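A.B. asks: If you scroll down you'll find the structure; I have some questions about it.
Any read-out appearing in this document is the output of simple, stated calculations on the displayed coordinates, not a laboratory observation. Because the structure is a prediction, the values reported are computed rather than measured. Cβ atoms come from the backbone with ideal geometry, glycine included; neighbour counts cover every protein chain shown.
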């Protein structure tokens, strides 16, 4: 059954979209990642323009994060003070990102920047995950416990504006969460990702937050940043396809339940190794599309303004 | 199935209308002389609904005697940027661009025999009969002629690839001496707007009759409302998208809490 997506302006099979949402939802349930960094490339491969894919994904991640944050809220795994600091940075970063998006779109370079950002981030994250998971598998075989120093003192702890975060039992500079929030907000606007895959490691390794607090707090921040991105993208670029987001959400919510359940039967490091391979595969495809000589070097861009036409 | 019935209905009306036209010509030869050509479309509206799969219209008409018929379908005009990619550091990047004005979003031509065989060059160019006669002014004053040639070719190529332009001519068929008909096919992604359908009757290298008929292509239904709303009330649309996604996420969380 074909459905016409009003903003993306193409007809796509409903079940394909539901399935795609379900598949990525299952992956995110399985691996505990948001899935935006997989969904956006898949949408682009489907033929949806990168600009619409990115903006719509922000909208979809918003819904998925709302769905996810409840469980963490009930277990009171959200550090609201930290969340608000991250959010302050995130709102600045995402607003700056949407502005940058508009400017790049005007120059005709937005698709390139989106693809390049994906190639860079997916290759780095895929490689890191692959290394980490293969090490973990190696350790698992030798029955060795991982040893890591509990607290390292680095230059990050010398930054000014130190603040106490009671819930996370931390005393760090407020600049740190604001800075991380800004960077992640920028990624949300340009790449259509929640940024969990950057924020979660940053919160664990740079800020030193307890792991139990990390996911809930990052989800809390992602909700408001993606809401900001959705509204700004809709306002400046008219690239948010709410129907597409809704279809992906329906598939995603169901998929996430399946994924979470399936996850309990599989071993963590093998799962992460598998995800790393998926990420590297997507990255390779995106790079290939950039590097291979296009069938036609020319592309057409219509300059129609729909704001007052009927 | 629905499409089939619709087509059948239109065909019947068309035959009826055509017969009436022919009778009119036969009954009142004096008034027919005033109009050498009469033509009409099976429908003056193409409604793009959510499940739109493209559409096919029938153009039919009658002439007052011998002659050749040329049908021109032009979509509304837009300005169009054409960008050329260049290889920079191993990847392909948009570099140069040329903006063309007055580009019809859609272009089709049909005739009962190749126009080159019976239309003089001056007429072809005056009425822009054919893709190579399209007048497409360039917006930037400093673009080189050589670039215009390649960018213009790219424009025609791109539009043809999307199915909006057709490089060749469609077929106009005569039923007897005076009645003619042709089918105009619109692809599923047909651009919206007011189209102009021009029909020329050409005799001895001169236009002896011409008629222009409008055709509206518009999005109808929920999809169209959403599109217009998103462009006219962009901020409100954004806020509604946020609320919708939040509700959907919340419902999902509630639905699966008990499971």
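A.B. asks: Averaged over its residues, how many other protein chain Cβ atoms are within 10 Å of peptide A:68-78's Cβ atoms? Working shown, then result.
C.D. replies: Numbers: counts 3, 3, 7, 3, 0, 1, 1, 0, 0, 0, 0.
Taking all residues of A:68-78 together, the mean is 2.
A.B. asks: Here's something else I'd like to know. Top mean-square fluctuation among A:95, A:76, A:168, Gaussian network model of chain A, C-alpha springs under 10 Å?
C.D. replies: Result for chain A, Cα springs under 10 Å: A:76 fluctuates most.
A.B. asks: How would you rank B:88-96, A:222-230, A:55-63, highest first, on the average number of other Cβ atoms within 10 Å across their residues? Mind showing how you got there, number by number?
C.D. replies: Working: B:88-96: 13.3, A:222-230: 29.0, A:55-63: 32.6.
The packing order, highest mean first, is A:55-63, A:222-230, B:88-96.
A.B. asks: Which whole number of Å³ per residue matches the convex hull of the alpha-carbon atoms in segment B:210-259? Intermediate values should be presented prior to the final figure.
C.D. replies: Values: hull volume 4.0 nm³, N = 50.
Dividing the Cα hull volume of segment B:210-259 by its residue count gives 80 Å³.
A.B. asks: What is the average number of partner chain Cβ atoms found within 10 Å of a Cβ in B:157-164?
C.D. replies: Numbers: counts 3, 4, 1, 0, 3, 1, 0, 1.
Average per residue, whole number: 2.
A.B. asks: Helix A:175-191: angle to the longest alpha-carbon principal axis of chain A, degrees 0 to 90, nearest 10?
C.D. replies: 30
A.B. asks: What angle, in degrees between 0 and 90 and rounded to the nearest 10, separates the Cα long axis of helix A:80-106 from the longest principal axis of the Cα atoms of chain A?
C.D. replies: 30
A.B. asks: Moving on to the next point. Could you work out Rg/(2.2 N^0.38 Å) for the protein assembly as shown, with Rg from alpha carbons only?
C.D. replies: In units of the 2.2 N^0.38 Å rule of thumb, it is 1.21.
A.B. asks: Still on this structure, please answer the following. Hey, could you get me the Stokes-Einstein D for segment B:115-181, Kirkwood radius over alpha-carbon pairs, 4 °C and 1.567 mPa s, rounded to whole µm² s⁻¹?
C.D. replies: Working: Rh = 14.5 Å.
Once the numbers are plugged in, D ends up at 90 µm²/s.
A.B. asks: Given segment A:2-291, report the % of alpha carbon pairs whose separation exceeds 35 Å. Numbers along the way, then the final one.
C.D. replies: On the way: 6548 of 41905 pairs.
Value for segment A:2-291: 16 percent of Cα pairs lie more than 35 Å apart.
A.B. asks: Kindly give Rg over Rh for segment A:1-77, based on alpha-carbon atoms, with the Kirkwood expression for the hydrodynamic radius.
C.D. replies: Working: Rg = 13.7 Å, Rh = 13.4 Å.
Rounded to two decimals, Rg over Rh is 1.03.
A.B. asks: Partner chain Cβ atoms within 10 Å, averaged over the residues of A:112-118 - can you pull that number for me? Kindly include the intermediate steps, with their values, before the conclusion.
C.D. replies: On the way: counts 6, 0, 0, 1, 2, 0, 0.
Counting Cβ atoms of other protein chains within 10 Å of each residue's Cβ and averaging gives 1.
A.B. asks: Can you give the FRET efficiency for residue B:208 and residue B:113, using 1/(1 + (r/R0)^6), R0 = 22 Å, r = Cβ-Cβ distance, to the nearest 0.05?
C.D. replies: Details: r = 17 Å, r/R0 = 0.76.
About 0.85, to the nearest 0.05.
A.B. asks: Taking Cα centroids, how far is segment A:1-36 from segment B:216-259 in Å?
C.D. replies: So the two Cα centres are separated by 15 Å.
A.B. asks: Then there's this: Compute for segment B:92-248: radius of gyration divided by Kirkwood radius, i.e. Rg/Rh, restricted to C-alpha atoms, rounded to two decimals.
C.D. replies: Values: Rg = 20.8 Å, Rh = 19.3 Å.
Looking at segment B:92-248, the ratio lands at 1.08.
A.B. asks: Using a Gaussian network model of chain B with C-alpha springs under 10 Å, which one of B:145, B:53, B:211 is most mobile by mean-square fluctuation?
C.D. replies: B:145
A.B. asks: Rg to Rh ratio, segment A:177-310, alpha-carbon atoms and Kirkwood radius? Each step should come with its number before you reach the end.
C.D. replies: Details: Rg = 19.0 Å, Rh = 18.4 Å.
Ratio value, two decimals: 1.03.
A.B. asks: In degrees between 0 and 90, to the nearest 10, how far off the longest principal axis of chain B does helix B:145-161 point, with axes built from Cα atoms?
C.D. replies: Roughly 90 degrees between the two axes.
A.B. asks: Could you give the Stokes-Einstein D for segment B:157-256 in µm² per second, using the C-alpha Kirkwood radius, 10 °C, 1.306 mPa s? Working shown, then result.
C.D. replies: Numbers: Rh = 18.6 Å.
Calculated translational D: 85 µm²/s.
A.B. asks: Could you list log10 I(q)/I(0) for segment B:153-204 at q = 0.13, 0.24 Å⁻¹, which the Debye formula gives when each Cα is one point scatterer?
C.D. replies: Per q value, in the given order, log10 I(q)/I(0) is -0.48, -1.11.
A.B. asks: Right, next: Restricting to Cα pairs below 8 Å that are 6+ residues apart, what does the relative contact order work out to for segment A:2-291? Please round to a whole percent. Display every interim value, and only then the final one.
C.D. replies: On the way: 470 pairs, mean separation 121.2, N = 290.
Value for segment A:2-291: 42 percent.
A.B. asks: Still on this model: Order these peptides, A:18-30, B:213-225, B:234-246, A:199-211, by their mean beta-carbon neighbour count within 10 angstrom, highest first. Don't jump to the answer; show the numbers that get you there.
C.D. replies: Numbers: A:18-30: 22.8, B:213-225: 16.3, B:234-246: 20.5, A:199-211: 18.7.
The densest-packed peptide leads the list: A:18-30, B:234-246, A:199-211, B:213-225.
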